[in-house]
1. Run through the DSSP bridge list for the chain and note the antiparallel percent, rounded to the nearest 5.
2. Please report the spacing between the Cα centers of the stretch 431-475 and the stretch 220-270 in Å, no decimals.
3. Considering only DSSP states other than H, G, I, E and B, which trypsin sites (Lys or Arg not before Pro) in the stretch 458-541 qualify as loop sites with at most 16 other Cβ atoms within 10 Å?
4. Name the shape class, rounded, prolate or oblate, that the alpha-carbon gyration tensor gives for the stretch 424-509, where a ≥ b ≥ c are the square roots of its eigenvalues, rounded holds for a/c under 1.5, and otherwise prolate holds if a/b is larger than b/c and oblate otherwise.
5. So what's the stretch 435-570 giving for Rg/Rh, alpha carbon basis, Kirkwood Rh from the mean inverse pair distance?
6. Would you work out what percent of the accessible area of the stretch 1-54, with all protein chains in place, is carbon or sulfur (probe 1.4 Å)?
7. Find the eigenvalues of the gyration tensor of the Cα atoms of the stretch 378-491, then list the square roots of 5 times those eigenvalues as equivalent ellipsoid semi-axes, largest first, in whole angstrom.
8. Once phi is turned into ³J(HN,Hα) by the Karplus curve 6.51 cos²θ - 1.76 cosθ + 1.60 with θ = phi - 60°, what whole-Hz value does each residue of the stretch 394-408 show in order, with x for glycine and proline?
Amino acid sequence: MHNPNTGDAVVFNGEIYNFVALRQELENMGARFTSNSDTEVILRAYEWWGLDAVRRFRGIFAFALWDARQRVLHLVRDPMGVKPLYWAVCGRTVYFASELRALLTGGIDRRLNATAVASFLWHGFVVGPQAIIDDVRILPPGSYVSLKDSQLDPPPTLYWTLPEAAEGRTSPESVMETLRETTRMQMVSDVPLGVFLSGGVDSAAIAALACEGAGADIRTFNIGFDEPDFDETNFASRVAQALGTVHVTVRLTEADFNRDLPKALEAIDQPTFDGTNTYMLSHAVRRAGITVALSGMGGDELFGGYKSFVDLPRAARLARLLSVGGSAARGLAEITTRAALRFGLVPPQTRWGKLADILTSAGALVDLYQTEYGLFSSSFYRKLSSPLPAHDELAWGLTAQQRSTLQALVADQEPLPAVSALELSSYIRERLMRDADASSMAASLELRVPFLDHVVVEDVAGLTEADRFLPVGRKQFLRNASLPRVDPALFERPKAGFVLPIDGWCRRGMRKQMDDTFHDVALCDRIGLNPTAAAALWRSFLADAPGLYWSRVWAIFVLLDWCGRHRVGL
């Protein structure tokens, strides 16, 4: 869209939820509008306020704005990083897009970045700002970069950062009012809207808030499985009945998964072990006629729903108590692990297998977080990534700059808000939002996430620790404030995230495809993966070796498939 007054132009992906209020404010100042779109509000707001306008936007957005008079291109991304933005400079040409794959069709060299590959092997995704392709960068959440002829490679400018905890700055009542207002804003849509409802506290809270602000029946959706250990349709249906929503359960069978998997793999934008679940759910909801969906993503990270809120502070105390030298710690850990568990070709890659890493962390919270969320123990990670000299540049899966940034984020914070900050910064902004956007957009479904509105995040940071987190793991704040109509007993069960039964599916219908991929020595060599270690990992998984969850083999399979599919290498 162009601004005829200034010659400015914008290319925009996303939604500005408070555009009506901003439009009214601008009209009161004398601005004139020719449409009813939020896109025009971006242009007019920039005309009147310049880049300061970005701080006024509440929404999910990635946009490029060309300032015709100053001949400057501004690339801008929303505060929580819900919408991705990739950019590259090749010669005198600037490329930008919401998907990495779009840039691969242009003048970008198809060369992997070795440090990014090493980052993937630790996390199962690539931590920004470097993308997995050498020339491509990821604009950080809450930042903009301004490019002009004389400076095509400036550093991004942060206009918003995650807030530190400030106990007592806000009350539970004011936070709930902010959540209600945010949900109402995000429900504005001229196309059919629904709510993802897993049956857990977070999605139930969003569904309840949606029902409060709805002028008509709310439609809710969840996915059911034939495998009873993964199926929560009973809980979701009972929550929907209590809230009075029009509820639809979509069943996903192993045959459905095998049929849709080729397209799901095609939809992976930058390699990640996550995203397939959101792809399957998004397509099921889209087939039901829904174009916009609200999600409860972010509730666990804001209110302490994960086991990490218990495990990491406990591990930090243990590591400080048993702090010993590196070689002594690893020797002690190996003896303990071998006494506790049998070994396969590959040692356990879960808690027991990471005991040495926990003991050598000296209780540093960032290092413990990286250990808990890493796919592999540091010893097996080094074997897997041994062809990549770049893996020596990473400590605990992070570059020095990435690690320093996270350490500064949690410095001087109490353990619970510090873990929340790590979950929001690492899991939400680096992985979940990027994957969810690519997966939902592949189904032409717009995903909206009220918990991750930056004003909500700011307000929640002002709650007392007791109101926000305690008792840890229960998310009592959401239960008390938004679910009085739902029987509390429905939530008295072990926490279960939305996970597909991929473990069994890998061993059956997908076995040959994964076996061929893991034994493609030439492909492993091309991307810097140790083929012997990769094959041993796959064989150990098939042999039911302890401590080898499906996510470990799935991550390596996705990386190999993506690199082969896009013909990239080091």
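The values are calculated or read from the model by the stated rules, or taken from the named source; none is laboratory data. What you see is a predicted model, and the numbers here were worked out from it, not measured in a lab. So basically every Cβ, Gly included, is an ideal-geometry build from the backbone, and we count neighbours across all protein chains shown. Just so you know, the surface numbers come from the protein's heavy atoms only, side chains and all, with ligands and any DNA or RNA stripped out. Shrake-Rupley method; radii C 1.70, N 1.55, O 1.52, S 1.80 Å.
1. About 65 percent, rounded to the nearest 5.
2. The stretch 431-475 and the stretch 220-270 have Cα centres spaced 21 Å from each other.
3. On the way: sites: Arg468, Arg474, Lys475, Arg479, Arg485, Lys495, Arg507, Arg508, Arg511, Lys512, Arg526, Arg539; in loops: Arg474, Lys475, Arg485, Lys495, Arg508.
Counting only loop positions with at most 16 other Cβ atoms within 10 Å, the trypsin sites (Lys or Arg not before Pro) in the stretch 458-541 are Arg485, Lys495, Arg508.
4. Numbers: a/c = 2.06, a/b = 1.35, b/c = 1.53.
It is oblate, given that a/c is not under 1.5 and a/b is not larger than b/c.
5. Details: Rg = 21.3 Å, Rh = 19.1 Å.
Expressed as Rg/Rh, it is 1.11.
6. Numbers: 1290 of 2560 Å².
Carbon-and-sulfur percentage of accessible area, whole number: 50.
7. Numbers: eigenvalues 216, 89, 43 Å².
Semi-axis lengths for the stretch 378-491 are 33, 21, 15 Å.
8. For the stretch 394-408, the Karplus-derived couplings read 9, 10, 6, x, 10, 5, 4, 5, 4, 5, 4, 4, 5, 4, 5 Hz, x marking Gly and Pro.
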